[in-house]
Amino acid sequence: MEKIYLDHASAMSVDPRVLEFAKQYLKEDFGNPSSLHSVGLTAKRAIEDARKKVAELINAENETCILITGGATESNNLAIKGTALRNIGKGKKVAASAIEHISVLNPMKELQKSGFELTIIPVDSTGLVESEKLNDILTKDTTLTSIMYANNEIGTIEPIKKISEIVHKKGLYLHVDATAAAGRIPIDVQNEGIDLLTLSSNDMYGPQGAGALYIKPGIKLQSILPGGGQERGLRSGTENLFAVAGMGEAARIAKDEMEQEKKRLEEIRDKLISEILKIDKSYLTGHPTQRLPHHASFRFSGIEGESILLNMDMIYNIQVSTGSACSSKTLEPSHVLLAIGLKHEEAHGSMVLTLGRANKVEQVPMITKAVKETVERLRKLSPL
């Protein structure tokens, strides 16, 4: 049975073009970018080339705004802790939306141990940040506000430009976790008024183990990883040359192909949503239209999401997700689904389909048939 992989929000294969481009940095051009000899300088140029490609993807002012990290979690930690601690004299309040990734929420909770006050910003039933409440929550002492560009579990895209206007009127800096959105939809950090933005290599078909943090010119951060002084002293450690070079090439490809790929994925997404919602007591989660082009998320009454995942995998060789991959080790329902107002028993029955470059519209009938049969089978077995 053909494998149909529909969990691109948690992991992606490296694009073959990226692998072909970056593999030279595993064999021939493997130098340390801090070394001054010719091999080291070649490696340094590869890093700077990648930095420029990432900057162009998000329309950063220039490549010096891009800080290389080891991944999205590290970028989030540096953005949140680094900004809050460096600017502690301007205020000791931080805020985040209720549907942020745990790599945003947990660093903010750690800041509470240093005397910071954390405020959680509510969202509506579709996952959109409530602007009026955001405006009421923020004060001149709110050093940092973190709102994700789009949610990885429900696909909702936030109105970042509008949010930025509120943040800069009431608070200080806006951090945006764009892990789920970058390379999928256009992002313009200058036009949208973003101060700090998190990016992930693997979420753009690049290698795992690399990420980036956009830092608007003039914003000061405190290092959270001191050492040899790489990346302007903000992120020490020898760079993962292969992964960084690959991330740059992945960003270039994503920028060049984004418009065409977005339209292609939207067609598949919309067909999946239309067919799956024909199943009795099935519901779309997230915003019906303001959502990522590759993202379709649902909940089904009377069954468990883990059972859906396992049945789809073992019986149909179709890989899906239920909530966030980072929180699936617990039996607790997704904090994102609870934040949009679902009851515990409703949140447990979630299924997330995230499409990629290998998925085709011809797969839709096979996917929808498998989902329908899975739901029917599990409901017959369920005591609910």
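The values are calculated or read from the model by the stated rules, or taken from the named source; none is laboratory data. From a predicted model like this one, the values you see are computed outputs, not experimental measurements. Cβ atoms come from the backbone with ideal geometry, glycine included; neighbour counts cover every protein chain shown.
Is there a residue being hydrophobic (A, V, I, L, M, F, W, C), touching a Phe, Trp or Tyr at 6+ places or on another chain (Cβ under 7 Å) and not assigned by TED's automatic domain parsing to the domain that holds S334 anywhere in the stretch 72-91? So far as the stretch 72-91 goes, yes, one or more of its residues are hydrophobic (A, V, I, L, M, F, W, C), touching a Phe, Trp or Tyr at 6+ places or on another chain (Cβ under 7 Å) and not assigned by TED's automatic domain parsing to the domain that holds S334. Residues considered: G70, G82, G115, G91. Of these, the only one that is more than 18 Å from the chain's Cα centre (by Cα), at negative phi and small (G, A, S) is G82. The residues of the stretch 347-384 that are surrounded by 13 or more Cβ atoms within 10 Å (Cβ to Cβ), within 24 Å of the chain's Cα centre (by Cα) and not hydroxyl-bearing (S, T, Y), listed by number, are A347, H348, G349, M351, V352, L353, L355, G356, R357, N359. The lone criterion from (1) in contact with a Ser or Thr (Cβ under 9 Å, 6 or more places away or on another chain); (2) modelled with pLDDT of 95 or more; (3) in a loop (DSSP other than H, G, I, E, B); (4) not acidic (D, E) left unmet by L199 is number (3).
Where helices (runs of 4 or more DSSP H) sit wholly within the stretch 46-119, those with at least 3 residues that are within 25 Å of G286 (Cβ to Cβ) occupy 72-77, 102-112.
Okay, residues lined up against (1) under 30 Å from R264 (Cα atoms); (2) charged (D, E, K, R):
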{"site": "K109", "(1), (2)": "no, yes"}
{"site": "Q112", "(1), (2)": "no, no"}
{"site": "L118", "(1), (2)": "no, no"}
{"site": "T143", "(1), (2)": "no, no"}
{"site": "M148", "(1), (2)": "yes, no"}
{"site": "V167", "(1), (2)": "no, no"}
{"site": "K170", "(1), (2)": "no, yes"}
{"site": "V176", "(1), (2)": "yes, no"}
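Across the stretch 83-111, the qualifying residues are those that are among the aliphatic types (A, V, I, L, M) and farther than 18 Å from L213 by Cα, and the one among them that is surrounded by the fewest Cβ atoms within 10 Å (Cβ to Cβ) is I88. Please determine whether any residue of the stretch 159-166 is farther than 30 Å from Y283 by Cβ, out of contact with any helix residue (DSSP H, G or I) (no Cβ under 9 Å at 6 or more places or on another chain) and small (G, A, S). Yes, some residue in the stretch 159-166 is farther than 30 Å from Y283 by Cβ, out of contact with any helix residue (DSSP H, G or I) (no Cβ under 9 Å at 6 or more places or on another chain) and small (G, A, S).
Scan the stretch 338-364 for residues that are touching a residue at least 12 places away in the same chain (Cβ under 8 Å) and either hydroxyl-bearing (S, T, Y) or in a helix (DSSP H, G or I) (or both) and jot them down.
Of everything in the stretch 338-364, those that are touching a residue at least 12 places away in the same chain (Cβ under 8 Å) and either hydroxyl-bearing (S, T, Y) or in a helix (DSSP H, G or I) (or both) turn out to be A339, E345, E346, A347, S350, T354, V361, Q363, V364.
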